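**Q** The structure under discussion is supplied below as structure tokens; questions concerning it will follow.
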Amino acid sequence: MKNILVYSDNKKFELVLSNLLKKLLLEVNVVVHDTSNIFDYYDYIIIDKDISFDCNIINCGYFFINMDLFKNKKIDINGNVISYGLGNKNTVTISSIEDENKGFVYCIQRYLDVEDNKSIIQPQEIPLDINYENDKELYVCMVAITIALIEKISIKNIKNRLNK
């Protein structure tokens, strides 16, 4: 079971993330943290707000940073850093959004190293027919889909499990 630590001001972030990962059949333990101390190792750490850390080094497998919100850039991260957001410089973004919140195109813009088996995830776009409530849920979708790819869920299975 993978451990995920979430820092977010969005109260629904953890709930939506847990539900999406459950749909993707991933066994994870999602922990929401409301302070700025990170001392334990986590497989995934997700920063979905601007935060200052009391430590100088963070150890994790993958470190997701919402670059639309996070401004503090003075920390050493011992893990794979994945930036996400709606900007074109992020590792993961949304390249197209359907009208009426009825779908989007997930876009991974750079190669990602996968720790466990020394493989890579190639840059690609994945069109998805997922209903989402608001833009905040798009951020959760970016993280959940990226975790699924890292955990070796095929694109076909991601589409089958998440599409309407």
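**Q** Quickly run through the range 147-164 and pick out the residues that are surrounded by 14 or more Cβ atoms within 10 Å (Cβ to Cβ), without any contact (Cβ under 8 Å) to a residue 60 or more places away in the chain and charged (D, E, K, R).
**A** Lys159
**Q** Moving on to the next point. Among the residues of the range 1-31, which ones are in a loop (DSSP other than H, G, I, E, B) and in contact with a helix residue (DSSP H, G or I) (Cβ under 9 Å, 6 or more places away or on another chain)? Write out each step before concluding.
**A** First, the residues of the range 1-31 that are in a loop (DSSP other than H, G, I, E, B): 1, 9-12, 24-27.
Asn10, Lys12, Leu24, Leu25, Leu26, Glu27 - these are the residues of the range 1-31 that are in a loop (DSSP other than H, G, I, E, B) and in contact with a helix residue (DSSP H, G or I) (Cβ under 9 Å, 6 or more places away or on another chain).
**Q** Let me ask something additional. At pLDDT below 85 and within 19 Å of Tyr42 (Cβ to Cβ): is that true of Ile65 in this structure?
**A** Values: at pLDDT below 85: no; within 19 Å of Tyr42 (Cβ to Cβ): yes.
In short, no.
**Q** Identify the residue in the range 74-87 that is open to solvent by 50 Å² or more (accessible area, probe 1.4 Å) and part of a loop (DSSP other than H, G, I, E, B) and, among all such residues, is modelled with the lowest pLDDT.
**A** Within the range 74-87, the subset open to solvent by 50 Å² or more (accessible area, probe 1.4 Å) is 74, 76, 78, 81, 86.
Narrowing further to those that are part of a loop (DSSP other than H, G, I, E, B): 74, 86.
On the way: Lys74: 66, Leu86: 91.
For the range 74-87, the residue satisfying everything is Lys74.
**Q** Restricting the range 99-146 to residues that are of a type in the set (Phe, Trp, Tyr) and under 13 Å from the mean Cα position of the chain (by Cα), which is least open to solvent (accessible area, probe 1.4 Å)?
**A** Tyr106
**Q** Further, regarding this structure: Can you name the residue in the range 32-41 that is exposed (fewer than 14 other Cβ atoms within 10 Å of the Cβ) and modelled with pLDDT of 65 or more and is also farthest from Asp76 (Cα to Cα) among such residues? Quick ask: steps written out before the conclusion?
**A** The initial filter retains those residues of the range 32-41 that are exposed (fewer than 14 other Cβ atoms within 10 Å of the Cβ), namely 34-37, 39-40.
Narrowing further to those that are modelled with pLDDT of 65 or more: 39-40.
Numbers: Phe39: 13, Asp40: 15 Å.
Once the filter is applied, the top-ranked residue is Asp40.
**Q** Another question, if that's okay. If I ask for residues that are open to solvent by 30 Å² or more (accessible area, probe 1.4 Å) and over 14 Å from Leu138 (Cα atoms), which ones from the range 1-17 would you list? Talk me through it step by step, then tell me what you get.
**A** Step one: list which residues in the range 1-17 are open to solvent by 30 Å² or more (accessible area, probe 1.4 Å), which gives 1-3, 9-12, 14-15.
Answer for the range 1-17, where residues must be open to solvent by 30 Å² or more (accessible area, probe 1.4 Å) and over 14 Å from Leu138 (Cα atoms): Met1, Lys2, Asn3, Asp9, Lys11.
The values are calculated or read from the model by the stated rules, or taken from the named source; none is laboratory data. Everything numeric here is computed off the predicted structure, so don't read it as measured data. Note that we place each Cβ from the backbone using ideal geometry, even for glycine, and neighbour counts take in every protein chain shown. Surface accessibility is based on the protein's heavy atoms, side chains included, excluding ligands, DNA and RNA. Shrake-Rupley method; radii C 1.70, N 1.55, O 1.52, S 1.80 Å.
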